[in-house]
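Some notes on the structure that comes next.
The values are calculated or read from the model by the stated rules, or taken from the named source; none is laboratory data. In this text the structure is predicted, and so the values were computed from the model without any measurement. Heads up, the Cβs are rebuilt from the backbone with ideal geometry, glycines too, and the neighbour counts pull from every protein chain shown. In case anyone asks, the SASA skips ligands and DNA or RNA and just uses the protein heavy atoms, side chains included. Shrake-Rupley method; radii C 1.70, N 1.55, O 1.52, S 1.80 Å.
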Amino acid sequence: MCSGLPKTALGLRIRATLSEKRMKPNLKGLLKEELVDFFREMDEPAYRAHQLMQWLYNKKVSSFEEMTNLPKTLREKLAENATVTSLSIQEIQRSEDGACKYLLRLSDGELIESVYIPDERRRTLCISSQVGCAFKCRFCATGKMGFTRQMDASEIVDQIVTVNRDLSADERIGNIVIMGMGEPLHNYKNLLKAVRLMVDESGLQIGGRKITISTVGLVPQIDRLADEGLNIRLAISLNASTNRLRSRLMPINEKYPIEMLIKSARNFYKKTGNRLTFEYVLIGDTNDSIQDANQLIDLTSSFPCKVNLIPYNPRKESLYRPSSAAVKNRFYQQLQARHPYAVTLRRSRGGDISAACGQLGIRPNG
């Protein structure tokens, strides 16, 4: 094995310096208790952890030098022993309906997308959890990208910090939907850490019930999430009422079929008391018949839940097309008439900039 550096005293020092730089912790990805330990190791009081988190997440600074209520000597020591990474905005596309899609560059040059969706009642940010996705759902653009890597906790939460920094004070994000690029529960450890940073009173201060995690249906992780004690919302991407069709649309169904998924969802509700959402993308002549509607009702009526119908958002080279307005309304009305719990028909946002559900991963001008 050869590093390419000479085996001299100078070469050894260079290697040691490079190793030291690689070992510098990124403080933006640490939980409060981890920051307390970090500062104690530096012989600093525990309250510095709260101060630093306030600067990173609420005042949205990107360097230690900007943390002006920390002593200058401490800021210098932090710069020597740690780092804080930041995402960079490469492009912002603005939809006619007010949605904005952010193309963000990670520290290693990889690109992800986040979508800001304002309306009269709330300010929502749809964030990514992976670069690409490994699950290859047939109707989703991200699935076509393939999987590149996991995002760490700092990269997940930094989408919120970065977009908040770009927005005016009265546009501050209050709702988070983790259903952008990637499968959140496939990145379970980093996702959980990011969510804990979001809800921390020293961090982003976002209530758990304002955070929704969307999954294709990873049953073991859903079961684990039910035991975490987080008061968050869960959305399960169902999209079919039979195993045969769901396996065709979503290959993960071969491993975790509908019956297993419904059982896990029911368990999640019993343990948390939180009503989850079943997402159902309406695809023309595929899953939008009255028979499909009745089967969907039978599947999702055994415990309190919400069914969210989502119009299919077309993309280039797709084999699928949206349901017609008449078919969408007929399907919705059938559920409204027979389903014992809440049913909604979502209005897609950002379709003109490829920012709607299922479209993330399409590069600008691509």
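Assorted remarks:
- Enumerated strands (runs of 3 or more DSSP E) restricted to the stretch 140-218, each holding at least 2 residues that are within 15 Å of the chain's Cα centre (by Cα) and not hydrophobic (A, V, I, L, M, F, W, C): 147-150, 211-215
- Flag set for Ser264, criterion: open to solvent by less than 20 Å² (accessible area, probe 1.4 Å), of a type in the set (Ser, Thr, Tyr) and either in contact with a Phe, Trp or Tyr (Cβ under 6 Å, 6 or more places away or on another chain) or under 30 Å from Asp223 (Cβ atoms) (or both).
Residue by residue, here is whether (1) in contact (Cβ under 8 Å) with a residue 60 or more places away in the chain; (2) open to solvent by 70 Å² or more (accessible area, probe 1.4 Å); (3) of a type in the set (Lys, Arg) holds:
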{"position": "Met260", "(1), (2), (3)": "no, yes, no"}
{"position": "Gly273", "(1), (2), (3)": "no, no, no"}
{"position": "Val281", "(1), (2), (3)": "yes, no, no"}
{"position": "Gln291", "(1), (2), (3)": "no, yes, no"}
{"position": "Cys305", "(1), (2), (3)": "no, no, no"}
{"position": "Lys316", "(1), (2), (3)": "no, yes, yes"}
{"position": "Ala337", "(1), (2), (3)": "no, yes, no"}
{"position": "Val343", "(1), (2), (3)": "no, no, no"}
{"position": "Ile353", "(1), (2), (3)": "yes, no, no"}
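- Residue match in the stretch 166-175 (condition: small (Gly, Ala, Ser), open to solvent by less than 10 Å² (accessible area, probe 1.4 Å) and either in contact with a strand residue (DSSP E or B) (Cβ under 7 Å, 6 or more places away or on another chain) or farther than 30 Å from Ser323 by Cβ (or both)): no
- Cross-chain or 6+ apart pairs with Cβ under 6 Å, the stretch 64-93 first and assigned to a strand (DSSP E or B), then open to solvent by 50 Å² or more (accessible area, probe 1.4 Å) and modelled with pLDDT under 95: Thr83/Lys24
To keep it simple, each residue is scored yes or no on (1) surrounded by fewer than 20 Cβ atoms within 10 Å (Cβ to Cβ); (2) free of Cβ contacts under 8 Å to residues at least 24 places away in the same chain; (3) within 17 Å of Glu183 (Cα to Cα).
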position: Ser202; (1), (2), (3): yes, no, no
position: Gly208; (1), (2), (3): yes, no, no
position: Ile211; (1), (2), (3): no, no, yes
position: Val216; (1), (2), (3): no, no, yes
position: Ser237; (1), (2), (3): no, no, yes
position: Ala240; (1), (2), (3): no, no, no
position: Arg244; (1), (2), (3): yes, yes, no
position: Pro251; (1), (2), (3): yes, no, yes
position: Lys255; (1), (2), (3): yes, yes, yes
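- Selection within the stretch 98-144 - in contact (Cβ under 8 Å) with a residue 60 or more places away in the chain, surrounded by fewer than 22 Cβ atoms within 10 Å (Cβ to Cβ) and among the charged types (D, E, K, R): Lys136, Arg138, Lys144
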